[in-house]
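Input: one structure, supplied below.
The values are calculated or read from the model by the stated rules, or taken from the named source; none is laboratory data. Here the structure is a predicted model, which is why all the values come from computation and not from measurement. With ideal geometry, Cβ positions are generated from the backbone for all residues, glycine too; neighbour counts draw on all protein chains shown.
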Amino acid sequence: ACQSGGFSPAHGILLCANEVRDRGHLEDTLAHEMVHAWDHLRWQVDWFAQGPSKNLPS
């Protein structure tokens, strides 16, 4: 599957203009990646941890 965006602690939110279908898709992708950015900043999520301990509690 194609990926329209991502979050990297080193680079922040990344968007791929070639994969964004329309404005709604862009807004959904940006909102989704903002959640990851918030998790990183607020909860100090270790994105490189191995195993289930890397997941936030639900």
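For Arg42, which of the numbered conditions (1) modelled with pLDDT of 95 or more; (2) over 18 Å from Gln3 (Cα atoms) fails to hold?
For Arg42, the exception is condition (1).
Can you pull out every residue in region 29-48 that is loosely packed, with under 14 Cβ neighbours inside 10 Å and not β-branched (Val, Ile, Thr)?
Ala31, Met34, Trp38, Leu41, Arg42, Trp43, Gln44, Asp46, Trp47, Phe48
Same structure again: For region 1-28, name all the residues that are of a type outside the set (Val, Ile, Thr), free of Cβ contacts under 8 Å to residues at least 24 places away in the same chain and either surrounded by 12 or more Cβ atoms within 10 Å (Cβ to Cβ) or touching a His at 6+ places or on another chain (Cβ under 8 Å) (or both).
Ser8, Leu14, Leu15, Cys16, Glu19, His25, Leu26, Asp28
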